[in-house]
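The values are calculated or read from the model by the stated rules, or taken from the named source; none is laboratory data. Here the structure is a predicted model, which is why all the values come from computation and not from measurement. In this analysis, Cβ positions are derived from the backbone assuming ideal geometry, glycine residues included, and neighbour counts consider all displayed protein chains. We work out accessible area using only protein heavy atoms, side chains counted, and drop any ligands, DNA or RNA first. Shrake-Rupley method; radii C 1.70, N 1.55, O 1.52, S 1.80 Å.
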Amino acid sequence: MSNLNKHAKLCERFRAASRHAQHLFATMPQRTTAQAYERGNAVQLSGSSPDASAFPQLIKSLGCHAVTVHAHVLKLGFMSDRYIRNAVLCYYAKYGPFLCALSLFDEMSDRGIVDWNSMLSGFWKWSSKEDACKVFDEMPERNVVSWTVMVSGLARAGELEEARRVFELMPERSVVSWNAVLSGYVKNGLPDECLFLFNKMMNSSVRPNETSWVTVISACASKGDLQLARTLVQQLEESQVNLNFYVKTALIDMYAKCGCLEKASEMFATMKDRNSVTWNTMISAYIREGDIQTARKLFNRMHAKDVISWNTMISGYVQHGQWTRAIELFKEMWLLNNMKPDEFTMSSVIAACGHLGILEFGRSVVDYIAENRIPLSLSGYNSLIFFYSRCGSLEEGKKIFEEMPKRDVFSYNSLISGLAANGNGYEVLKLLKKMKNDGIEPDAITYIGILTALSHSGQLDEGFRVFAMIKTPTVDHYACMVDLLGRAGRLDEARSLISEMSVKPHSGVFGALLNASRIHKRVDLGEFAAKELFELEPENSGNYILLSNIYASNRRWKEVEKLRKMMRERGVLKTVGSSWLEFRGKIHRFVSGDQSHYRLDDIYKVLEDLGKRMRTMGYIADRSCVLRDVEDEEKEEMVRAHSEKLAVGFGLLVLEGGTVIRVVKNLRICEDCHVFIKMVSKLEKRVIMVRDNNRFHSFKDGKCSCNDYW
DNA sequence: CTAGGGTTAG
C-alpha cells in the first residue's frame, strides 16, 4: 500500500514534469532533444538485456518498466532535476534492474545523501549484507535515514542482534528507526521483544505513531493474548493516536486472533472504507474459528477479491477437510475469474489433491506451475511431496525431495509418512539418518511416521531402538509401539506396555490393540481393548465390527449376535462411506444407496465383467456397487439417511497411467473388499496400488507387498 | 520536494 502511495506521488511528479516538458520541448535546442532520444533508446536497450528475466517486476502504477520511465525522463530533458533523477534511481533500486541503478549512480557527479540512501536500500534488496555494509562505510555522510536503512536491512535478513546493536549505536533515532526494529522482531517471530522495546519507546523522547501501533498490535495478534490486547487498546485510547486504516485493520486481526471474534466483526461493521485487506482479515478470522460458511458468505459478498482472498478461502477449505470444495473454488478462480494463481494457491491445491488422491488432476496443476514458472516456496515443495506420497507415487515424491533447494522438518515428515504408508521401513531409517546429518531435528510427527513404517514392515527391534530416541514420547508414540508389538504377535507385551505407559492411553492405543487382536484372533485382549473403546468412543461402529470379527473368526456366533444386539440398542449406525473418483478432471462422488450417476450403466458393465471373471475363479462378486454423483451436501444427507442400513467398504485402485478407480461395495466387512482387490491383481496380471486407511499396498499376482496386513 | 517503518494467506 505504501508503495502504491509512493507510486502515485511519483506519477504525479512525472505528470507535472510532463506538463512542463510540453513547453520546454518546443523551446529546447534540436541537438539536445536528439541526444535525449538517443540516450533514452540506448538505455532502453541496455536496460532490457541484462538479466531481464531475473527482474520481471513491472511498475504497476505507471504501467511501464523503470527503463521506460528513465527514457521518458531523458527525452524530456529532466535528468538535470536532481529530484526527478533520484526518483528514477529509486525506481531502479526498488524494482530493478539494479544494474541500471548502479550505472546511473556511477555517472552522477553530484551525488546527494538521498541518492546514497536510495542506493543503500537497493544494495540490501538486490545484493548482499556485505555489499550494503561496504556502501554504508564508503558514504561521504550519513543521516538518520541511512542508519535506519541499515537497521531494517539487518532486521529483514533476520540478523536481529546486529540490527539491535546498530540501532543502539545510532546518533539519533526517529520514529521510523524505532518502527524498523519493532517490525523486525515481529516479522522474525519475536513479539515479546517487540513489546519490550515498545515500552522502552514509550519512555523515550520519541512518540509512537500509527505505524508503531500497527506493529505492536500485530505483535499482540501473533501472541493471541487477549489480556494484553485489552491493555494495548487502553493505552492506544490514552495516546490519542488517530485510528487510521492500518491501525483499524490490525485491531480487527488482533481481536480475531485473541479469540474475540464478536469484537472484530463489530469493528469490521463500523469501518467505512474497507478494502480487500480488511475483508481478507475477517474471512480468515472466520476460517480460524472453523466457521467456513460465514467466511464463504463474506467471500461471496466481496467485490474486489484479490489473490489473497481466493487463497484464504481455498486454504480454509483444505484446512477443514473440504478438499473437493477447495478444488472447485480453485477452478472458479482460475477458469471463471481469470485470477492468476500464485504459489500459495498452488500449495493449497496440491495439498487438496493429495488428500483426495487425485493424481491426474494434481499432475495438471503441476504442469500449470511449470508452464507459468510459478516459483514454489519450501511449503509448496512440501505439499508436492505430500501429494505424490498420498497418491502412492513415491518415486516422484522422492524426486521432488531430492531436487528441492532446501528441506525442513515438514519435507522429511511428508516423505517419511509416505514411505510409512507403503510400509517401507528401510528407507525411512535412512531418511532419519540423513535428516540428522542435515542438522534437522526430528519432531513428534517424524517419529510417528518412522514407527508406523517399522510397524508395517515388521521391524520390531528397530522400532524399540527408535522409540528409545524419543525424549518425551506422546500417547501417539505409545500407540505406534502397541501397534508394532501387536502386529508382530507379541500382544501380551503390548498389553503390559499400555498399563506401564507414562501417559493416559487414548482410543488410538486401544484401537491398535484391538486391531492386533483381530489379526491374531485373540478374543481375550480384543474384549479388553473393545471394552475401553466402547467407553471412549461409543459411537464408533468400527470397534464393534472389529470385535465381532474376532468372535466370528473364533466361531463364537453367540457373541457376534450379542454384539449386533448391543449396536442396535445403543443406536450405533454403521458409517456410510462416500467415495469419489477422478475422471478427466472431474471429481465424481459416490454414496451407497443411489443409482443416479449418469454413466451408471457403463460402471455396472465394468463391475459385472470383473465379477464374472471373479466367479470363474471361485469367488462371488457383490454387484451392489451403488453409485451416485452427489453435488451438494443436502442431497448427500438425504442419501445418507436412506442408506444408513448399509455398511460400505470401499477400496481404491490405481491403475497404470495413474487412473484412480475407487470401488464402492455393499459389503459387510472390509476384508471382502480386499479379497476382491487381490483377485483383480491376479486377473489383470499387473501391480495394483490400493489405499486403505491411508496406507498404500501394492498387489502383485494376488499377493500384498506387506505380509502382515491380512 | 527526493531516501527509511505498517495490516491480510501458509
Relative counts (whole %) of C-alpha pair distances in segment A:347-570, using bins that are 10 Å wide:
8, 29, 27, 22, 12, 3, 0
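Using a 1.4 Å probe on the protein chains only, how many percent of the accessible area of segment A:440-485 belongs to carbon and sulfur? Before the final figure, lay out each step's value.
Values: 1050 of 1750 Å².
Carbon and sulfur together cover 60 percent of it.
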Net charge near A:ASP291 (other residues with Cβ under 13 Å of its Cβ; Lys, Arg +1; Asp, Glu -1) is +1
Want the number for A:SER541 to A:GLU328: 0.36 nm per residue separation, take away the alpha-carbon distance, what's left?
73.5 nm
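For A:ARG564 and A:GLU493, calculate 0.36 nm times their separation in residues minus their Cα-Cα distance, and state this gained length in nm to one decimal. Before the final figure, lay out the partial values.
Working: separation 71, 0.36 × 71 = 25.56 nm, distance 3.03 nm.
Answer, rounded to one decimal: 22.5 nm.
Which of A:LYS406/A:LYS433; A:LYS129/A:LYS436; A:LYS187/A:LYS248; A:LYS248/A:LYS272 have a Cα-Cα distance over 21 Å?
Values: A:LYS406/A:LYS433 17 Å; A:LYS129/A:LYS436 29 Å; A:LYS187/A:LYS248 19 Å; A:LYS248/A:LYS272 11 Å.
In this structure, A:LYS129/A:LYS436 exceed 21 Å between Cα atoms.
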Sparsely packed GluC sites (Glu not before Pro) within segment A:123-157, loop by DSSP, other Cβ within 10 Å at most 15
A:GLU141
Taking only C-alpha pairs under 8 Å that are 6+ residues apart, what is the relative contact order of segment A:375-453 in percent?
30 percent
Describe numerically, in nm with one decimal, the distance between label points set 7 Å from Cα along Cα→Cβ at A:GLN235 and at A:MET139.
2.9 nm
Per residue solvent-accessible surface (Å²) - segment A:458-555, probe of 1.4 Å:
46 Å²
